[in-house]
Amino acid sequence: MRQTDVLVIGAGPAGLGAAIEAARCGAQVLLVDENKKAGGQLYKQIHKFFGSGAHYAGTRGFQIADLLLEEARQLGVETLLDTRALGRLDDGRTAILHQNQVVPVAAKKVILATGAKENALTFPGWTLPGVMTAGAAQTFSNVHGTLVGERILMVGSGNVGLIVSYQLMQAGARIQALVEAAPQITGYLVHAGKIQRAGVPVYTSHTVIEARGQNRVEEAVIAQVDASFQPIPGTEQTLAVDTVLLAVGLNPRTELAGMFQCRTGYEGGLGGILPLHDRWMRASQPDVYVCGDLAGVEEANTALEEGRLAGTHAALSIGCRHESAQARMEELLESLQSLRSGAHAARRQDCKAHIIEQGGAFYA
């Protein structure tokens, strides 16, 4: 058995932020992640972030991961990689699988930063080799240096679809088209502008209706959709592609939160079903915190700040003391408000306020 003050599950931006702040307040922190490398999605981000200096503007994602990991190391955070959190035991301890052994961990507080998973889209031919999620293609390209295809149809114009399209073009692929079922591009126009200036056709109010091929994708059929997102007969176009990438949204990974018996709510603007929580990121179980995409799918900057907030509050709640911790939490709340104040984030701010209002009722 292992003992720690704070157990953080997930070493992406939210988990790293939580571990760093909890350790800064004097807590003993154990950080676990099922991957062989910490950093989560940051290691797939080769583009420079924008925003403010406090949120690493001008720094590439994988470099941000390196900075956070080094900060955690200097603060004494113990990190176990290639380690899977299995769930909560009847006695309240958390079971982890480390080096092929199940190890119970007794922690005063548990912070869940398990991230999100990509949505799928079904259509005739969707099981053909060559149909995959945009995130999978990004992992192949940016982490393993392997292109999944040469002629690509991207489905979805959110930031994931736009950014991955541009990165695959930089790696040598051709984006034959990008289709979006909504009547307008849903991601940031700064990302859309890059692929449009490169000549990529963008079809809004369109979707993929079929993929064809013998042993893998050889062509895809797209069509215009009506106001109910149903294909309009007679608008079909056939594109010669070898790959269809799906960037059609993310859902919070709530499996562990369910094992910890965290109450959930539904917010479509934040990815669907997610754990209810208060503004300090506490879930319905008083010793459990949730942060990052698990607490609502937003952006890496927001995930990092939520993790920092959860880590600080968790450490203070077990008696750790840091002279600036209270001011730090207020600063983080203001930062989150600011990150959600843009036009693209206004709807998510309303969704988040609704989730927090429900979660805050636990502690009324």
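Numbers for the structure displayed
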| quantity | calculated |
| --- | --- |
| Filter on Lys108/Lys352; Lys36/Lys117; Lys36/Lys194; Lys44/Lys108; Lys37/Lys117 - keep pairs with C-alpha separation over 23 Å | Lys108/Lys352; Lys36/Lys194; Lys44/Lys108 |
| For the stretch 120-170: relative contact order, % (alpha-carbon pairs under 8 angstrom, 6 or more apart) | 34 percent |
| 0 to 90° range, to nearest 10: angle between helix 159-170 axis and the chain longest Cα axis | 60 degrees |
| Heavy atoms of Glu78 accessible to a 1.4 Å probe, total area in Å² rounded to 10 | 70 Å² |
| Vicinal HN-Hα couplings computed from phi for the stretch 348-357 (Karplus, 6.51 cos²θ - 1.76 cosθ + 1.60; Hz; Gly/Pro x) | 5, 4, 5, 4, 5, 4, 5, 5, 5, 4 |
| Using alpha-carbon coordinates, inclination of helix 61-74 to the longest axis of the chain, degrees | 10 degrees |
| Choice from His98, His191, His144 with maximal GNM fluctuation in the chain (Cα, 10 Å cutoff) | His144 |
| Length-normalised contact order of the chain in % [C-alpha pairs under 8 Å, at least 6 apart] | 20 percent |
| Percent carbon-and-sulfur accessible area, the chain, ignoring ligands, DNA and RNA, probe 1.4 Å | 49 percent |
| Principal-axis tilt of helix 13-24 within the chain, Cα atoms, nearest 10 degrees | 20 degrees |
| The chain, accessible area per residue, ligands and nucleic acids excluded (1.4 Å, Å²) | 45 Å² |
| Contour excess over end-to-end distance, with Cα ends at Asn119 and Glu236 and 0.36 nm allotted per residue | 39.7 nm |
| Antiparallel DSSP beta bridges within the chain, percent to nearest 5 | 50 percent |
| Neighbourhood net charge (10 Å Cβ-Cβ; Lys/Arg +1, Asp/Glu -1) for Gly12 | -2 |
| Highest to lowest packing among 198-210, 156-168, scored as the average C-beta count within 10 Å | 156-168, 198-210 |
| Prolate/oblate/rounded label for the stretch 40-131 (Cα gyration tensor, a/c 1.5) | oblate |
| Inter-centroid distance (Cα atoms) of the stretch 233-273 relative to the stretch 155-207, Å | 18 Å |
| Residue-span extension gain [Asp226 to Val190] - 0.36 nm each, minus C-alpha spacing | 10.2 nm |
| Relative compactness, the chain, computed as alpha-carbon Rg over 2.2 N^0.38 Å | 1.03 |
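The values are calculated or read from the model by the stated rules, or taken from the named source; none is laboratory data. Here the structure is a predicted model, which means the values were calculated and not measured. Backbone-built Cβ (ideal geometry, glycine too); neighbour counts: all protein chains shown. Accessible surface is based on the protein model in full, side chains and every heavy atom, while ligands, DNA and RNA are left aside. Shrake-Rupley method; radii C 1.70, N 1.55, O 1.52, S 1.80 Å.
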